[in-house]
Amino acid sequence: MKQAVIIGAGPAGLTAAYYLLKETDIHPVILEQESWVGGLSRTVEFEGNRMDIGGHRFFSKDKEIMDLWKTLLPVQGALSYDDKKLGRPADVAAGGPDPEKTDEVMLKRHRISRILYLHHFFDYPVSLGCSTIRNLGLRRMLGIGSSYLYSCLHKKQEHSLEDFMINRFGRKLYETFFRDYTEKVWGKSPRNIDVNWGRQRIKGVSLSGAIKDFIVRTTGKKDAQKTETSFIEQFLYPKYGPGQLWEKMSREILEMGGEIQFASKAVRLELAADNRISHVTLEKDGHEESLAADYVFSSMPIAELIDTFPEQTVPEKVQQAARSLPYRDFMTVGLLVDRMAIRNTTSIPTLGNIVPDCWIYIQEPDVKIGRLQIFNNWSPYMVKDPEKQVWIGLEYFCQEGDDCWQMPDQSFIDFAAGELEHIGVIRRESVRKSVCIRVPKAYPAYFGSYDEFPMIRDYLDRFPNLYCIG
């Protein structure tokens, strides 16, 4: 039997193993350096409350992907907990499982995300609704409109993310909502970020797209399959957070005969004469072990993958470019609070009258926090007592070794809670429990040596049995 060594038990690595077992006779062995599955899509449990690291919506225009998720966790067939409490109508597939009676289920959720800026809420993605016009004021709106028309007539050559955004939103709207927030997230001005970030992440979003979406929504003719992902209004979500899906997949992999080795770090690749990878050396409990590999699937950071090759086989230029590839690190603080200081002023009912958002983009310029998650709204089952307490996640984008990263956990928790109090979201005395989570190399960044990535890829493409995923 042929063997595939899969580096990383995140969504990509697990799905690779799952399909190898379902559709081939190749035996997968997954190496995971942590003690959990799911990677960034894991769910962290803290004293009966669950945290989603980064926020994950389960939605795809690819039917095969949706069918896979629904096979692992069927979609709810009865009202979820908060729907029952609030008397919402059922908007679910008939005959599915009742989440009150089974744990392994996907909830159908309504997507609500907004921007907090100038102490006002704005729709996200930015829309042309009445609240946007009212919050910005007529003068700003006229400036945004004229700036957008100018950008339509005078397209910029797209050399940077800034050029990309100005072409699609106009300079005024770009400077209002995108410039400073992008710098907060990436630590770089958009003029120093590669245009490919925009082409990959927000390729279908523009002011004209927002206008079209507004018209379609008001006429009631919206088709999810034709809607840009950023504009979708419904998504699926596992009852106990995203990690639940990947934990279910990992159990199925084990039941089908696959292997998952935890606390196992891939440290070295061995090459055969034909440029194929023949073995993967892993380190576990201070000892090394070599695994034969007919195929290697790697979801480890490219910078670390290059270091696993025999040094003499990697050209110096490739080594330097790979080691200079930048990543953005991530910290999140979980706060369990009795109540929030901001109240629900929308027409959407919520338990405890909290704001209805799954997450809020914090664009206030005088705080470092980037996003705020409200786990009660992702799934009420994420919270130990959702009727009496609110479980929130404060997300910070940073660099390993900077001031935020080096701060002791409790000091950083105090700092984060102080920022939320400063912008009027909570009162510090309402905090009951807290936790701090750090995620190194969370997001690959599109600057630094990124423009040399084609050279790195050309090198990796020399190895016919290596597949980079994730």
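Listed values, structure above:
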quantity: Residue in segment 111-128 that is over 17 Å from T176 (Cα atoms), open to solvent by 60 Å² or more (accessible area, probe 1.4 Å), in contact (Cβ under 8 Å) with a residue 60 or more places away in the chain and not polar (S, T, N, Q) present; calculated: no
quantity: Candidates I26, I53, I6, filtered to the one that is closer than 22 Å to T332 by Cα, of a type in the set (A, V, I, L, M) and in contact with a helix residue (DSSP H, G or I) (Cβ under 7 Å, 6 or more places away or on another chain); calculated: I53
quantity: Filter result (in contact (Cβ under 8 Å) with a residue 24 or more places away in the chain and either in a helix (DSSP H, G or I) or polar (S, T, N, Q) (or both)) within segment 422-451; calculated: H422, S430, S434, G448, S449, Y450, D451
quantity: Subset of segment 337-366 that is among the aliphatic types (A, V, I, L, M) and more than 24 Å from Y381 (Cβ to Cβ) - its residue that is most open to solvent (accessible area, probe 1.4 Å); calculated: A341
quantity: Scan of segment 7-49 for residues that are β-branched (V, I, T), within 30 Å of V435 (Cβ to Cβ) and out of contact with any Lys or Arg (no Cβ under 6 Å at 6 or more places or on another chain), ordered by number; calculated: I7, T15, I30, V37, V44
quantity: Any hit, segment 12-28, residues being more than 28 Å from W391 (Cα to Cα), outside any helix (DSSP H, G or I) and modelled with pLDDT under 95; calculated: no
quantity: Subset of segment 402-421 (residues that are under 15 Å from P440 (Cα atoms) and free of Cβ contacts under 8 Å to residues at least 12 places away in the same chain); calculated: D402, D403, Q406, M407
quantity: Filter result for S299 (closer than 25 Å to E32 by Cβ, out of contact with any Lys or Arg (no Cβ under 9 Å at 6 or more places or on another chain) and at pLDDT 95 or above); calculated: yes
quantity: Criterion: under 26 Å from I112 (Cα atoms) and open to solvent by 70 Å² or more (accessible area, probe 1.4 Å) - qualifying residue of R457, R427; calculated: R427
quantity: Search result, residues across segment 452-470 that are within 28 Å of S41 (Cα to Cα) and in contact (Cβ under 8 Å) with a residue 12 or more places away in the chain; calculated: F453, I456, L460, N465, L466, Y467, C468, I469, G470
quantity: Single unsatisfied condition, S147 versus (1) outside any strand (DSSP E or B); (2) within 31 Å of the chain's Cα centre (by Cα); (3) buried (at least 16 other Cβ atoms within 10 Å of the Cβ); calculated: (2)
quantity: Answer residue from segment 29-84, given it is outside any strand (DSSP E or B) and basic (K, R) and is farthest from A266 (Cα to Cα) among those; calculated: K84
quantity: Residue in segment 150-166 that is of a type in the set (V, I, T) and in contact (Cβ under 8 Å) with a residue 60 or more places away in the chain present; calculated: no
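The values are calculated or read from the model by the stated rules, or taken from the named source; none is laboratory data. All figures in this text were calculated on a predicted structure; none of them were measured in a lab. In this analysis, Cβ positions are derived from the backbone assuming ideal geometry, glycine residues included, and neighbour counts consider all displayed protein chains. Each accessible area value is taken on the protein alone, full model and side chains, heavy atoms only, with ligands, DNA and RNA left out. Shrake-Rupley method; radii C 1.70, N 1.55, O 1.52, S 1.80 Å.
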